[in-house]
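Undergrad: Quick one: structure below, then a few questions.
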């Protein structure tokens, strides 16, 4: 029995599960505004978003994937005896368990948190657990840390400016907030936002799969800082994130579309413009940002720019999740790695139990999740009252 092969298959499978959860967790980024304003039916919105999440596989490079793959310096980790599961492979497995747990936990609460920061937090925690602080590429992490502040701020400011410009055009051309022009503006900008999400977020999964294959000896590179995902990795990652998007993260769509601020077609278009600007710039620079932070901040910015009330209780809950995402996923990654190096058969027993328990938790949540029908029922109430609609209790 080839332990390394089986550990690699399991870890790659977990990476694709993470990618799927990233898709439905972040589906709200591009679809919340078009659903909130009834510019598209909920299921139509996520179907279009899924297609545009997949399409970047054909044209976008892998700069973000390379950044993710070198978060932990695999070459600096301790070595193991021949035939034993490499430490780098255990690190990526532990990191993925931390990220998947956080994605499902925040999804159950309806909180638009960052899948990207959950993954990076898991890598940092597992990397430190495996080889100390020197095992982490802090120069790579610093790029992400800067983006944590810069990307939502840029999205917020651009959304405000876009709101002002759109309001000025409304006065000139006598267009109301829900004019058909803005409906199509929302649909087109939502598609571009989905493209941006697929361009940036799917690459994070490509990066961690590349790191897994390198650690296990199935991907050859000059060193761990120069990994290039193969074609099958690229298409697998894009497919998984598209499928997750199509599944639809309805609870978070409800939060972003109905609970942050009142969204019109005009303000929804402004919000999408803010998010697109931030995400596209980061992808061009090869920086793995939180597309969720950018999209949610742009929704807040559109509310501020149009003078609509921003529900600070929802924003407060959301930002609290942002603050604790990276350390929380890091703690899970740290502890899980320790389980992978327990003596003898205990490493397999405990790690296997953690994987099965996590998957059981995820499946349970998916069977009791908010649905597209729940969101459609909430829409008339939100539009009529222009107040937040609370999620149904989490499972």
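The values are calculated or read from the model by the stated rules, or taken from the named source; none is laboratory data. Since the model is a prediction, treat every value here as computed from it, not as a measurement. Positions of Cβ are backbone-derived with ideal geometry, glycine not excepted, and every protein chain shown enters the neighbour counts.
Undergrad: Is there any pair with a first residue in region 8-37 that is within 14 Å of residue 362 (Cα to Cα) and a second that is outside any helix (DSSP H, G or I) whose Cβ atoms are under 7 Å apart and which are 6 or more apart or on different chains, and what are they?
TA: Correct list of pairs: 24/248; 24/249; 25/249.
Undergrad: Assigned to a helix (DSSP H, G or I) and in contact (Cβ under 8 Å) with a residue 60 or more places away in the chain: is that true of residue 257 in this structure?
TA: Yes.
Undergrad: Still on this model: I'd like to know if region 309-317 contains one or more residues that are modelled with pLDDT under 95, buried (at least 19 other Cβ atoms within 10 Å of the Cβ) and part of a helix (DSSP H, G or I).
TA: Within region 309-317, one or more residues are modelled with pLDDT under 95, buried (at least 19 other Cβ atoms within 10 Å of the Cβ) and part of a helix (DSSP H, G or I).
Undergrad: Only residues that are closer than 22 Å to residue 115 by Cα and surrounded by 22 or more Cβ atoms within 10 Å (Cβ to Cβ): list them for region 145-188, please.
TA: The answer is 147, 151, 152, 154, 155, 156.
Undergrad: Kindly establish whether residue 332 is within 30 Å of residue 101 (Cβ to Cβ), in contact with a helix residue (DSSP H, G or I) (Cβ under 9 Å, 6 or more places away or on another chain), assigned to a helix (DSSP H, G or I) and free of Cβ contacts under 8 Å to residues at least 60 places away in the same chain.
TA: In short, no.
Undergrad: Also: Check 248, 286 and return the single one that is crowded, with 24+ Cβ neighbours inside 10 Å, out of contact with any strand residue (DSSP E or B) (no Cβ under 7 Å at 6 or more places or on another chain), on the phi > 0 side of the Ramachandran plot and at pLDDT below 85.
TA: From the options 248, 286, the qualifying one is 248.
Undergrad: Being out of contact with any strand residue (DSSP E or B) (no Cβ under 8 Å at 6 or more places or on another chain) and over 23 Å from residue 109 (Cα atoms): is that true of residue 264 here?
TA: So residue 264 fits the description; yes.
Undergrad: Next up: Which count do you get for residues in region 176-206 that are assigned to a helix (DSSP H, G or I) and modelled with pLDDT of 90 or more?
TA: The total comes to 18.
Undergrad: Take region 367-377 and flag every residue that is within 20 Å of residue 103 (Cα to Cα) and either touching a residue at least 60 places away in the same chain (Cβ under 8 Å) or not in a helix (DSSP H, G or I) (or both).
TA: 368, 369, 370, 371, 372
Undergrad: Separate question: Are any of the residues in region 344-359 surrounded by 17 or more Cβ atoms within 10 Å (Cβ to Cβ) and either outside any helix (DSSP H, G or I) or under 16 Å from the mean Cα position of the chain (by Cα) (or both)?
TA: Checked region 344-359: no residue is surrounded by 17 or more Cβ atoms within 10 Å (Cβ to Cβ) and either outside any helix (DSSP H, G or I) or under 16 Å from the mean Cα position of the chain (by Cα) (or both).
Undergrad: In addition: Give the residues of region 225-245 that are in contact (Cβ under 8 Å) with a residue 24 or more places away in the chain and either touching a strand residue (DSSP E or B) at 6+ places or on another chain (Cβ under 8 Å) or surrounded by fewer than 20 Cβ atoms within 10 Å (Cβ to Cβ) (or both), sorted by residue number.
TA: 225, 226, 228, 235, 239, 243
Undergrad: Conditions: (1) surrounded by fewer than 20 Cβ atoms within 10 Å (Cβ to Cβ); (2) over 21 Å from the mean Cα position of the chain (by Cα); (3) part of a helix (DSSP H, G or I). Residue 327 meets all but one. Number of the miss?
TA: Among (1) surrounded by fewer than 20 Cβ atoms within 10 Å (Cβ to Cβ); (2) over 21 Å from the mean Cα position of the chain (by Cα); (3) part of a helix (DSSP H, G or I), residue 327 violates only (2).
Undergrad: Being part of a helix (DSSP H, G or I) and surrounded by 19 or more Cβ atoms within 10 Å (Cβ to Cβ): is that true of residue 296 here?
TA: Taking the combined requirement at face value, the residue satisfies it.
Undergrad: Ok, one more. Among the residues that make up region 66-74, is at least one of them within 15 Å of residue 241 (Cβ to Cβ), at pLDDT below 90 and out of contact with any strand residue (DSSP E or B) (no Cβ under 8 Å at 6 or more places or on another chain)?
TA: Yes, the conditions are met somewhere in region 66-74.
Undergrad: If a residue must be surrounded by fewer than 23 Cβ atoms within 10 Å (Cβ to Cβ) and either under 17 Å from residue 206 (Cβ atoms) or touching a helix residue (DSSP H, G or I) at 6+ places or on another chain (Cβ under 8 Å) (or both), how many such residues does region 71-82 contain?
TA: Total meeting the criteria: 7.
Undergrad: Scan 85, 128, 124 and give me the residue that is more than 21 Å from residue 278 (Cβ to Cβ), touching a strand residue (DSSP E or B) at 6+ places or on another chain (Cβ under 7 Å), at pLDDT 90 or above and surrounded by fewer than 24 Cβ atoms within 10 Å (Cβ to Cβ).
TA: Sole residue among the options that is more than 21 Å from residue 278 (Cβ to Cβ), touching a strand residue (DSSP E or B) at 6+ places or on another chain (Cβ under 7 Å), at pLDDT 90 or above and surrounded by fewer than 24 Cβ atoms within 10 Å (Cβ to Cβ): 128.
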